[in-house]
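Engineer: One structure, as structure tokens, below. Some questions next.
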Amino acid sequence: MDKKWIARTSILLGTILLTWTGVDSIRAAAYQRQYLQTLHNARATPSAGHAPAPGAPIGWLEIPRLGVSGAVVHGDADHLLKRAIGHLPDTPLPWQTGNSALAAHRDSFFRRLRDVRSNDVVRLATPHGTFEYRVRETLVVDPEDLWVLDPTPARTLTLITCYPFNYIGSAPRRFIVRAESITSREQVRLQS
Amino acid sequence: MLRTLVSACVFAVLAFTGTTAHAQTIDDRTFFTFSQPVTLPGVTLPAGKYLFRTPDATTGRRVVQVLSADGTKSYAMLLSIPAQRFSAPAQPEIRFMETAEGTPAAIKSWWYPGKTVGYEFIYPKEQALTLARTATNSVLTTASAQNDTTEEMKGADLTRVTSSGSEAAVTVEEKPAATALAGTSQEGELASSSIQVAASATATPAPVTTSATLGIAPADDTKQASAGTRRTRLPQTASSAPALMVLGLVMLGVGSMLSRWPRLGM
């Protein structure tokens, strides 16, 4: 009798947990479709340059070789990172000069960052144009290493996720990908 | 009695001027603390404390260097021309130009206390055209879009571009005519001459070792001290989903095993 009760409770709790995580994934996918539509509309009618509201989609990130893609929203709050790639609001927006930083979960949008290589192309489409970057380096740093957000003279993209990738729970370190804007000359070569 | 009084006055004057001379520095170094990102020619700085100075106060187009608060890292070397105001500020002052609502404020000029001649920054053409669209006043830039590096700007013809896109040529003068100030301002504080500043003449930070890499050759980019942003840690990007999923599977497994236990006769 006791064993049956324990068995049923375990099965029930296990089902609830799996359903909960499944629903989260489905909701994230729905948000992505919604953000994509919003971005298409924003590109058709670009705004007058007002700063985006927290949670507003600001672009679509792709790393073609890795198959990474996802909407980028303004802000890095927990609830935003559950459904999109977040832009750190205290760094310049991607269409502004400087070091723009994006963060995402290592078990969802940035899961394949573990396979990133130097010179991989990163593409970020925004209402203010599409920007291409080339990966220059990857780093493993501590959460307190805020120097990765320091300003840069050129347009730079810094991607942040937790490390190690296989860690279960709150990972102790951060995996950083630094990519620099591709010059117009390189862009022509890429397109040809 | 008179001698004592005169001595006291001389002492007071010397003490005052001595104090003033100690506060002023040859390179006009000044701290500014920004609570939000700010835009300068060619760079957007995140919120934080920065050191402004003139590494070489010569005539003509004066260079302004922007560094981290401790002076160890140089973030920008900017060209400026003299600008004059009607009255000297009592404190170091930054003047912003009007920008689109919600976008980082763009710095137009920098003024040192006690001086009516300050520094008006020259913006690269593309950036100036973007700023001018929403600025109330014109933006100082180069006449040609090709002159975007600091070296090219040094000898380039200058112009002021307005929101309508019209341009007016600018003649650089050491003592230009005084103009009324526009835009919002922010005060700074004088910086001590004891701060050792980076000697770098470029805005590119020097390469240093990083904490670790994953076997990919590091680029020239850098490990720098934080510019004093409010953030204290990089964002936490690990969700609880994997742990919950594993736990859910384990519980399902345990439940299934227990429910079959009587039949298995274990």
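Engineer: Note the angle between two axes, namely the Cα long axis of helix A:2-44 and the longest principal axis of the Cα atoms of chain A, as a number of degrees from 0 to 90, rounded to the nearest 10.
Structural biologist: Approximately 20 degrees, to the nearest 10.
Engineer: From the phi of every residue in the range B:29-35, what ³J(HN,Hα) in whole Hz does the Karplus formula 6.51 cos²θ - 1.76 cosθ + 1.60 yield, where θ is phi - 60° and glycine or proline is x?
Structural biologist: 5, 9, 8, 10, 10, 9, 8
Engineer: OK, next. Averaged over its residues, how many other protein chain Cβ atoms are within 10 Å of peptide A:98-109's Cβ atoms?
Structural biologist: 4
Engineer: By count of other Cβ within 10 Å, fewest leading, how are A:H79, A:H128 ordered?
Structural biologist: A:H79, A:H128
Engineer: What GluC sites (Glu not before Pro) in the range A:126-174 are in a loop by DSSP, with at most 16 other Cβ atoms within 10 Å of the Cβ?
Structural biologist: A:E144
Engineer: What's the exposure ranking of A:L93, B:L79, going from fewest to most Cβ atoms within 10 Å?
Structural biologist: Ranked by crowding around the Cβ, least crowded first: A:L93, B:L79.
Engineer: A further question follows. Given a cut-off of under 8 Å on Cα pairs at least six residues apart, what relative contact order in percent is computed for the range A:2-191?
Structural biologist: Result for the range A:2-191 is 17 percent.
Engineer: Here is a follow-up. For the range B:31-127, run through the GluC sites (Glu not before Pro) and keep only the ones in DSSP coil with at most 16 other Cβ atoms within 10 Å of their Cβ.
Structural biologist: B:E101
Engineer: Hey, any idea what the orientation-averaged projected area of the convex hull of the range A:2-191's Cα atoms comes to, in nm²?
Structural biologist: Projected area, direction-averaged: 12.8 nm².
Engineer: Next up: What does the charge count near A:Y31 come to, summing +1 for each Lys or Arg and -1 for each Asp or Glu among other residues with Cβ under 10 Å from its Cβ?
Structural biologist: Every neighbour counted, the sum reads +4.
Engineer: Taking the Cβ-Cβ separation of B:E174 and B:R231 as r and a Förster radius of 41 Å, what is the calculated FRET efficiency to the nearest 0.05?
Structural biologist: So, using R0 = 41 Å, E works out to roughly 0.45.
Since every read-out is calculated from the coordinates, none of them should be taken as a lab result. What you see is a predicted model, and the numbers here were worked out from it, not measured in a lab. No Cβ is skipped: glycine too gets one built from the backbone with ideal geometry, and neighbour counts run over all protein chains shown.
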